[in-house]
Amino acid sequence: MQDIDSIPRRHAAKIQSLLGRVFNSRGDSDPELRRTVEHRAATHAGRLPEGGPLLPQELGNYVDKVSRHAFKVTDADIETLRAAGYSEDAIFELTLCAALGAGIARLDRAIAAMKGEVNAPKKH
């Protein structure tokens, strides 16, 4: 899960609560897989160090696309995941995790920039 120390406290608790619900709620996808997807997306947004558990190639490619260029996601990308055995609900859950990972990391970077930390280093 992302380190959200630079996010103002009034928002950090709400974000942690949201992430907890997304990761720990019942769903079609495994909670650990949701965490891994969120982490991978956050690394692309530049706030977490690279690494972490590997994803199956088709899912990794999809998470990369969602986190870097969400507007380029096509029906073919979804069909690739369905062909790999992911249900519609699982694809939705994993898409949400990727979007949250990238979005929260970008918020964190924006706040760091507003504080004058334009080239804030990745946290290790």
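None of the figures in this text is laboratory data; all of them are computed from the coordinates on show. This structure is a prediction, so every number in the text was calculated from the model and none was measured.
A few notes on this one:
- Segment 9-114: relative contact order as a whole-number percent, Cα under 8 Å and 6+ apart: 37
- Mean shadow area of segment 9-114, taken as a quarter of the surface of its Cα convex hull (nm²): 6.9
- Difference of contour (0.36 nm per residue) and Cα-Cα distance, ILE111 to ASP30: 26.0 nm
- Taken one residue at a time, the phi angles of segment 88-95 give Karplus couplings (6.51, -1.76, 1.60, θ = phi - 60°) of 4, 5, 5, 4, 4, 4, 6, 5 Hz. Gly and Pro are set to x.
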